[in-house]
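Comments concern the structure below.
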Amino acid sequence: MSRKICYVSGTRADLGLMRSTLQAIQQAQDLELAIIVTGMHLLEQYGKTVQDIVAAGLPVSACIDIDMEPPTGATMARNIGKMLTSFVDVLADIKPDLVLLLGDRGEMLAGALAAIHLNIPVAHIHGGERSGTIDEPVRHAISKLSHYHFTATHEARDRLIRMGEAAANVHVVGAPGLDGLAALACVDREVLLADMALEPQRPVALMVYHPVLQEAERAGFGAAHILNLLGGQGVQVVALKPNSDAGSQQIRQVLEERASDPGVRVVTHFPREQFISWMAAADFMIGNSSAGIIEAASFGTPVINIGSRQNLRERNINVTDVPVDASAIELAIAQTLVGGRYERRNIYGDGRSSTRIATLLKSISLDASVLTKTNVY
């Protein structure tokens, strides 16, 4: 008898990271996949990326609409409650054997809360990591609500065990976002630059800069700094618009105001193949995206990581950390332009996570005893 696995997806980011894993689940003989879609996926201003899920041939079992305006901490908190109520009804209808969640966003927290109150086991991917912003306590809360853990690194596994999780239920699988990266980088630099009408002889940076809740009022200030400093050193910019969190409107406003500048191109959403191709082709990444921390090392792409959003995460050698400070960012840009690319090494895995996760989902125990979890200390 097959097991029904229900995944919750709220953003283009989590879908991109999980696409290979979701396809592996869908193709597995003893597994059945259901996906609950919510958040930015359903909104035109974020690219209505539910279409990407459908285009990938993945099953959308339910869509949960929420109001994401204004993008404030209060809106984020209210939406957790709205999603929780809807997830209870949807999960009761889908009746999955297990709920699969990734990372640290509010929709994943709501999914975990709904599942445990319906006596549905939860497996959490990318738990045990540190980041030092609101993402960290939310991530740890999801871990404490989860019954199984699929971690990206051994350090993350050790941290979960120290948090009281049973060692037998914590499995190192690597980061799912690394699966199939080489094949995804299928568009040459020359084609990418030509499509954006950028000059091939000048350097280009891929900018992905998201707001931090605790620093939301300064989010636009940071984005403007980055664009000014890149332009001052002759660097062309391909900038992705941010997520919907508090402070995002300020960043979007800065990007939209600068979109007509020579050498600046602003994009609402890239399909996964295009985003990864840009990551591989750009002279460097700049901003505060987890893609820079986790995925970019697989291409040796230098990353200038700005501010506190990725604090304390494990680093590959390609990452340079700087504060939101003009002098520090300017120096990092200059040094990165001189330094060039890095060796392709990645501490986050070997690109085989989807196979490991699908295998575990077939074999882990889902009997009633799993639901009676306690801290082991």
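The values are calculated or read from the model by the stated rules, or taken from the named source; none is laboratory data. Quick caveat, the model's predicted, so the values are computed rather than measured. Methodologically, a virtual Cβ is constructed for each residue, glycine included, from the backbone with ideal geometry; neighbour enumeration extends over all protein chains shown.
Condition first: closer than 25 Å to His269 by Cα and surrounded by 18 or more Cβ atoms within 10 Å (Cβ to Cβ). Can you find one or more residues in region 156-172 that meet it? Steps first, please.
First, the residues of region 156-172 that are closer than 25 Å to His269 by Cα: none.
No - not one qualifying residue is present in region 156-172.
Looking at (1) in a helix (DSSP H, G or I); (2) crowded, with 23+ Cβ neighbours inside 10 Å; (3) free of Cβ contacts under 8 Å to residues at least 60 places away in the same chain; (4) not hydrophobic (A, V, I, L, M, F, W, C), which one does Asp14 not meet, given that it meets all the others?
(3)
Here's a check for you: in region 231-270, which residue that is in contact with a Pro (Cβ under 7 Å, 6 or more places away or on another chain), touching a residue at least 40 places away in the same chain (Cβ under 8 Å) and part of a loop (DSSP other than H, G, I, E, B) is nearest to Asp283 (Cα to Cα)?
Across region 231-270, the extreme among qualifying residues is Val235.
Residues in region 31-44: is at least one of a type in the set (D, E, K, R) and without any contact (Cβ under 8 Å) to a residue 24 or more places away in the chain?
Step one: of region 31-44, the residues of a type in the set (D, E, K, R) are 32, 44.
Among the residues that remain, those that are also without any contact (Cβ under 8 Å) to a residue 24 or more places away in the chain are: 44.
Yes, region 31-44 contains a residue that is of a type in the set (D, E, K, R) and without any contact (Cβ under 8 Å) to a residue 24 or more places away in the chain.
Could you please find all residues in region 283-322 being surrounded by fewer than 24 Cβ atoms within 10 Å (Cβ to Cβ), among the aliphatic types (A, V, I, L, M) and over 15 Å from the mean Cα position of the chain (by Cα)?
Leu312, Ile317, Val319, Val322
Only one of these is closer than 16 Å to Ala281 by Cα, of a type in the set (S, T, N, Q), touching a residue at least 12 places away in the same chain (Cβ under 8 Å) and not assigned by TED's automatic domain parsing to the domain that holds Ile134: Asn318, Asn305. Name it.
On the way: Asn305 fails: closer than 16 Å to Ala281 by Cα.
From the options Asn318, Asn305, the qualifying one is Asn318.
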